[in-house]
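The values are calculated or read from the model by the stated rules, or taken from the named source; none is laboratory data. Everything numeric here is computed off the predicted structure, so don't read it as measured data. Glycine gets a Cβ as well: all are built from the backbone with ideal geometry, and neighbour counts include every protein chain shown. To get the accessible areas, we keep the full protein, side chains included, count just its heavy atoms, and leave off ligands, DNA and RNA. Shrake-Rupley method; radii C 1.70, N 1.55, O 1.52, S 1.80 Å.
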Amino acid sequence: MKTKEEMIEELKEGICRVVFTKQNGEERDMSCTLSKVYLPEAKESTRKKAEIKTDAISVYDVNAEGWRSFNVCNVKTFEFVSV
């Protein structure tokens, strides 16, 4: 499995597909990014606040058009999808 740093680098490059277990036990399949091409300008400060958690990565969900986060230790699959 990739490290948090490797995931962040790929997320900055484009859209990634992340399948992970949520805190409530449900499985989530999310297409997300940290690429500035897709990020809404006004929400940038929200993402920075959420990154304080050590094991969490705050990302922009391109389908839900909102900020979400996931814990690296709960990731089942992580793959780069597109630029």
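I need to check one value: relative contact order of the chain, counting alpha carbon pairs closer than 8 Å and at least 6 residues apart, in percent.
With pairs under 8 Å counted, the relative contact order is 38 percent.
With +1 on each Lys and Arg Cβ and -1 on each Asp and Glu Cβ, how big is the dipole of the chain about its Cα centre, in debye rounded to the nearest 20?
Approximately 240 debye in magnitude.
Return one whole number: the accessible area per residue of the chain in Å², for a 1.4 Å probe.
62 Å²
Pull up the cross-link candidates among the aspartates and glutamates for LYS36, meaning alpha carbon to alpha carbon under 19 Å and not fewer than 8 places away within one chain.
Those aspartates and glutamates meeting the cut-off are GLU5, GLU6, GLU9, GLU10, GLU13, GLU44, GLU51, ASP61, GLU65, GLU79.
In nm, what is the difference between 0.36 nm times the number of residues separating THR54 and LYS36 and their Cα-Cα distance?
4.2 nm
Counting only protein heavy atoms and using a 1.4 Å probe, what share of the accessible area of the chain belongs to carbon plus sulfur, as a whole percent?
On the chain, the fraction of accessible area on carbon and sulfur atoms equals 48 percent.
So how far apart, in nm, are the two label points at VAL19 and VAL81 if each is 7 Å from Cα heading toward Cβ?
So the label points at VAL19 and VAL81 sit 1.3 nm apart.
If you look at just the Cα atoms of the chain, how large are its Rg and its Dmax in Å?
11.6, 32
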